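The structure under discussion appears below in the form of structure tokens.
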Amino acid sequence: MKYGFVNVAAAVPMVKVADVAYNVEQIKSLITQAEEQSVEVIVFPELCITGYTCQDLFKEQLLLDQAEQGIIQLLDFSRKLDIISIVGLPVIINGLLYNCAVVLQGGQVLGIIPKTYLPNYGEFYEKRWFASAQDLNPTDIYFAGNPIHVSADPLLFVTGDGVKFGVEICEDVWAPIPPSNNLALAGADIIFNLSASDELIGKHAYLKSLLAQQSARTISGYVYASSGFGESTQDVVYGGNAIIFENGKLLIEGKRFSFDPQLKSYQIDVEKLRAERRENTTFINAQRRAHANEIMTKSVAPHEFKLTRYVNPHPFIPADTDMQSSCEEILNIQVAGLAKRLHHIRGTKAVIGISGGLDSTLALLVTVKAFDKLGLDRKGILGITMPGFGTTDRTYHNALKLMETLGVTIREISIAKAVTQHFEDIGHDAKIHDITYENSQARERTQILMDVANKENAIVVGTGDLSELALGWATYNGDHMSMYGVNAGVPKTLIRYLVSYVAGEMATETLLDIIDTPISPELIPADEQGNIKQKTEDLVGPYELHDFFIYYYLRYGFSPKKIYLLALRAFCNPDDGKQLYDETTIKKWLTTFCRRFFNQQFKRSCLPDGPKVGSVSLSPRGDWRMPSDASSALWLNECATL
């Protein structure tokens, strides 16, 4: 396991019913391919040594003896291999026949797991041939040249680097309380399922939903392999499924009804799963009585690691096929939060500073939707544009056009005179464009909004977003403060996306131009051509990088080293030709993120109320509670070693 990743595979071999020699050769071929791909654990379908559809041939001693001989061949084949293989076959134990999974590695049988729940309805007749694990008395047997203890007790297999996995067979996962529940609670990071589920109309969608739910419920990786081409089609058809889930998310799946063998591998992030479990107090409470016997696998020499799994460069942006529903849900959360606050205080007015930028645009759109939802007059929304020393014509006119289009009350209050007077009062030279020059403007704007809100019996709706809060890119007690921050849980990349979505609905050129405008606080005078001179991303780095860092740092607590690895895959991946940022750029801004995140915590310790929208929030009353004077040395030192 490197950086928390474990490479696993689901395999669907060609089979011939009752032809053990042929089936073993097919299994060997796929194991060889998987070993070449540095797969650590591979799972095959249920009863793959003999074929699932042998029916009453399972009563034939010759077939059962040959199945055991097949395992002996696989043991000899695997003697010099590191890969762990999980195969299915019938095994006689104490005179009874069991449908089993056999776990083998390096010429040894590590464990035998009998199937617990035997389907005996519809087209299934497993109880005709097999006993259940519930019928098994613990015993020691000699199988395929290996002495081994067999029982119905749950088994956990532990790899040399500490990854734990468990095994269940087909119908087990369809049971009301699957064995994988206990296995996961006992510590299994990954569950492997050997299956032989046949294909019926609508069944495949239900199966995927079931596996996704089980993976999510147990916060585990779930690797599923089921019988395919070559099984008997006397009465039913087996499509061959190779599917891998991670905490409810589909990572990869094979092609059903393929006439060729399939091998689907993917890197499961065990570190991420463990971080989720530590965070989930319900999971912690549920695991109190869980238990399983542990079996150590063979330690293997480390392989050269290469991250091959897909890494989404924009983890905050919904990846659903129904994008409209996702955007509507996000906006509804924001709208509901503000609407409740207005309803609670019996408010009919709101004040928003409109800059012509993305954040204030989304805040205004949310406020308009909230007023419409409450049946309030949009004129109760006081949009105030406050031009200053750095305001450009582009943002100024966009602010006015946006407010006019939405039908809110428009006010313009220049801050130039007041800030100039303030500079005289504190003895600051207005020609020096330093932090005092910038923050004085931001605080003046906030004072205007607060005072107008008092005068109009209104509340100030904040415009600051999650990305700015993480970086501390806000003036303390300036744009940092409001009476309700509707964007507090929305990162910058998602704000751009949401405004784009609304722009598609409204079909206004103003919104499209706002989206294309460089992000800037506009606190420094424009250049000679009147264009924005102070671009935020030139100063603190690209927001798509910082949002990426925010997600993996806050969501899973990943180290800078692992975040850097993920970022290289997401933004600097030569495999797919995407070279958005080079290594030096990623390293530079990751270091900036770590430094600013720690240094700016004091601004997050006193945030106004605002709704949590996604899986990450920086509210000091909710997801993130951190001392303002914590040292960043550990993180910065690791950044220096990248």
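The values are calculated or read from the model by the stated rules, or taken from the named source; none is laboratory data. Here the structure is a predicted model, which is why all the values come from computation and not from measurement. Reconstructed Cβ throughout: ideal geometry from the backbone, glycine too, with neighbour counts over all protein chains shown. SASA here: full protein model, heavy atoms, side chains in, ligands and nucleic acids out. Shrake-Rupley method; radii C 1.70, N 1.55, O 1.52, S 1.80 Å.
Going by the conditions given, is T282 of a type in the set (S, T, N, Q), more than 30 Å from V17 (Cα to Cα) and not in a loop (DSSP other than H, G, I, E, B)?
Working: of a type in the set (S, T, N, Q): yes; more than 30 Å from V17 (Cα to Cα): yes; not in a loop (DSSP other than H, G, I, E, B): yes.
Considered against the rule, which asks whether it is of a type in the set (S, T, N, Q), more than 30 Å from V17 (Cα to Cα) and not in a loop (DSSP other than H, G, I, E, B), T282 comes out as yes.
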Completion exercise
Going through (1) within 32 Å of the chain's Cα centre (by Cα); (2) not in a helix (DSSP H, G or I); (3) not aliphatic (A, V, I, L, M) one by one, D513 fails only at (2)
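Can you tell me which residue in the range 326-351 is nearest to N7 (Cα to Cα), limited to those that are without any contact (Cβ under 8 Å) to a residue 12 or more places away in the chain and open to solvent by 60 Å² or more (accessible area, probe 1.4 Å)? Step through it out loud before you land on a result.
So in the range 326-351, the residues without any contact (Cβ under 8 Å) to a residue 12 or more places away in the chain come out as 326, 328-329, 332, 340, 344, 346.
Going one step further and asking which of them are open to solvent by 60 Å² or more (accessible area, probe 1.4 Å), we end up with 329, 332, 340, 344, 346.
Values: E329: 35, N332: 39, K340: 47, H344: 52, R346: 56 Å.
In this case the residue turns out to be E329.
Inspect the range 617-629 for any residue being of a type in the set (S, T, Y) and under 25 Å from H314 (Cα atoms) and give the result as yes or no.
Let us first name the residues in the range 617-629 that are of a type in the set (S, T, Y), namely 617, 619, 628.
Within this subset, residues satisfying the condition of being under 25 Å from H314 (Cα atoms) are 617, 619.
So far as the range 617-629 goes, yes, one or more of its residues are of a type in the set (S, T, Y) and under 25 Å from H314 (Cα atoms).
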Handout entry: Among residues of the range 385-424, those that are under 25 Å from M506 (Cβ atoms) and aromatic (F, W, Y), counted
Key = 1
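Tell me which residues, restricted to the range 604-620, are within 27 Å of E328 (Cβ to Cβ) and either open to solvent by 40 Å² or more (accessible area, probe 1.4 Å) or not polar (S, T, N, Q) (or both). First the steps, then the outcome.
Here is the first cut: in the range 604-620, the residues within 27 Å of E328 (Cβ to Cβ) are 607-619.
Passing the criteria: L607, P608, D609, G610, P611, K612, V613, G614, S615, V616, L618.
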Handout entry: Residue in the range 31-42 that is more than 38 Å from the chain's Cα centre (by Cα) and crowded, with 16+ Cβ neighbours inside 10 Å present
Key = no
Problem - Whichever residue in the range 395-417 is more than 19 Å from F371 (Cα to Cα) and under 43 Å from the mean Cα position of the chain (by Cα) and, among such residues, is most open to solvent (accessible area, probe 1.4 Å) - result: K401
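Test P542 against the criterion of being at pLDDT 90 or above, under 26 Å from K603 (Cβ atoms) and surrounded by fewer than 23 Cβ atoms within 10 Å (Cβ to Cβ), and give yes or no.
Working: at pLDDT 90 or above: yes; under 26 Å from K603 (Cβ atoms): yes; surrounded by fewer than 23 Cβ atoms within 10 Å (Cβ to Cβ): yes.
Judged against the criteria, P542 is a match.
Residues that are in contact (Cβ under 8 Å) with a residue 60 or more places away in the chain: list the strands (runs of 3 or more DSSP E) wholly contained in the range 102-211 that include at least 2 such residues. Even if it seems obvious, please write down each step before you answer.
Working: elements: 108-114, 139-143, 146-150, 155-158, 164-169, 190-195.
Those strands (runs of 3 or more DSSP E) span 108-114, 155-158, 164-169, 190-195.
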Handout entry: Residue satisfying all of: in the range 149-169; surrounded by fewer than 18 Cβ atoms within 10 Å (Cβ to Cβ) and of a type outside the set (D, E); modelled with the lowest pLDDT among these
Key = G160
Fill in the blank from the handout: Only one of (1) buried (at least 18 other Cβ atoms within 10 Å of the Cβ); (2) within 23 Å of Y206 (Cα to Cα) does not apply to T233, and that is (1)
Practice task
Taking I432 as the residue in question, decide whether it is more than 23 Å from P518 (Cα to Cα) and open to solvent by less than 20 Å² (accessible area, probe 1.4 Å).
Solution key: no
Practice task
Filter the range 286-310 for residues that are crowded, with 17+ Cβ neighbours inside 10 Å and among the β-branched types (V, I, T) and give the result.
Solution key: T297
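Would you say T50 is more than 24 Å from E294 (Cα to Cα) and buried (at least 16 other Cβ atoms within 10 Å of the Cβ)? Break it down stepwise before answering.
Working: more than 24 Å from E294 (Cα to Cα): yes; buried (at least 16 other Cβ atoms within 10 Å of the Cβ): yes.
Against the criterion (more than 24 Å from E294 (Cα to Cα) and buried (at least 16 other Cβ atoms within 10 Å of the Cβ)), T50 qualifies.
Looking at G427, G462, which is the one that is of a type outside the set (S, T, Y) and under 42 Å from the mean Cα position of the chain (by Cα)?
On the way: G427 fails: under 42 Å from the mean Cα position of the chain (by Cα).
Only one candidate passes the filter, namely G462.
Go through D479, D516 for me and flag whichever is free of Cβ contacts under 8 Å to residues at least 12 places away in the same chain and either open to solvent by 20 Å² or more (accessible area, probe 1.4 Å) or more than 28 Å from N280 (Cα to Cα) (or both). Please lay out each step first, then the result.
Details: D479 fails: free of Cβ contacts under 8 Å to residues at least 12 places away in the same chain.
Result of the check over D479, D516: D516.
Within the range 65-76, is even one residue farther than 20 Å from D172 by Cα, open to solvent by less than 10 Å² (accessible area, probe 1.4 Å) and not aliphatic (A, V, I, L, M)? Explain how you work it out, then say what you get.
We begin by selecting, within the range 65-76, every residue farther than 20 Å from D172 by Cα; these are 65-76.
Narrowing the set further to residues that are open to solvent by less than 10 Å² (accessible area, probe 1.4 Å) leaves 67, 70-71, 74-75.
Then keep just the ones that are not aliphatic (A, V, I, L, M); that gives 70.
So far as the range 65-76 goes, yes, one or more of its residues are farther than 20 Å from D172 by Cα, open to solvent by less than 10 Å² (accessible area, probe 1.4 Å) and not aliphatic (A, V, I, L, M).
State whether one or more residues within the range 553-569 are more than 21 Å from K272 (Cα to Cα), open to solvent by 50 Å² or more (accessible area, probe 1.4 Å) and not in a helix (DSSP H, G or I). Don't jump to the end; show me each part of the working.
Kept after step one, since they are more than 21 Å from K272 (Cα to Cα), are these residues of the range 553-569: none.
Looking through the range 553-569, none of the residues is more than 21 Å from K272 (Cα to Cα), open to solvent by 50 Å² or more (accessible area, probe 1.4 Å) and not in a helix (DSSP H, G or I).
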Completion exercise
Log entry, pairs with first residue in the range 558-570 being in contact (Cβ under 8 Å) with a residue 12 or more places away in the chain, second being open to solvent by 40 Å² or more (accessible area, probe 1.4 Å) and assigned to a helix (DSSP H, G or I), beta carbons closer than 7 Å, six or more apart or on different chains, reads S559/E638; P560/W635; P560/E638; K561/E638; Y564/K587; L568/E583
Handout entry: Selected residue (only one of K2, K80, K28, K59 is within 30 Å of A275 (Cα to Cα), open to solvent by 10 Å² or more (accessible area, probe 1.4 Å) and among the charged types (D, E, K, R))
Key = K2
Practice task
Spot the failing condition for G239; the list is (1) open to solvent by 10 Å² or more (accessible area, probe 1.4 Å); (2) not in a helix (DSSP H, G or I), and only one is missed.
Solution key: (1)
Handout entry: Residues of the range 595-619 satisfying the condition of being more than 24 Å from the chain's Cα centre (by Cα) and part of a loop (DSSP other than H, G, I, E, B)
Key = Q600, S605, C606, L607, P608, D609
Exercise for the section: Determine whether T361 is among the polar types (S, T, N, Q) and modelled with pLDDT of 95 or more. Expected result: yes
Handout entry: Residues within the range 291-325 that are polar (S, T, N, Q), in contact (Cβ under 8 Å) with a residue 60 or more places away in the chain and not in a loop (DSSP other than H, G, I, E, B), tallied
Key = 2
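Residue under question is I92, and the condition is that it be surrounded by fewer than 22 Cβ atoms within 10 Å (Cβ to Cβ) and aliphatic (A, V, I, L, M); does it hold? Steps first, answer last, please.
Values: surrounded by fewer than 22 Cβ atoms within 10 Å (Cβ to Cβ): yes; aliphatic (A, V, I, L, M): yes.
Yes, satisfied.
Results for (1) of a type outside the set (F, W, Y); (2) closer than 26 Å to I413 by Cβ; (3) under 31 Å from the mean Cα position of the chain (by Cα), shown as yes or no for each residue.
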site	(1), (2), (3)
Q447	yes, yes, no
A453	yes, yes, no
A470	yes, no, yes
H480	yes, yes, yes
Problem - Residue ID - nearest to T463 (Cα to Cα), chosen from residues in the range 366-379 that are open to solvent by 10 Å² or more (accessible area, probe 1.4 Å) and outside any loop (DSSP other than H, G, I, E, B) - result: K369
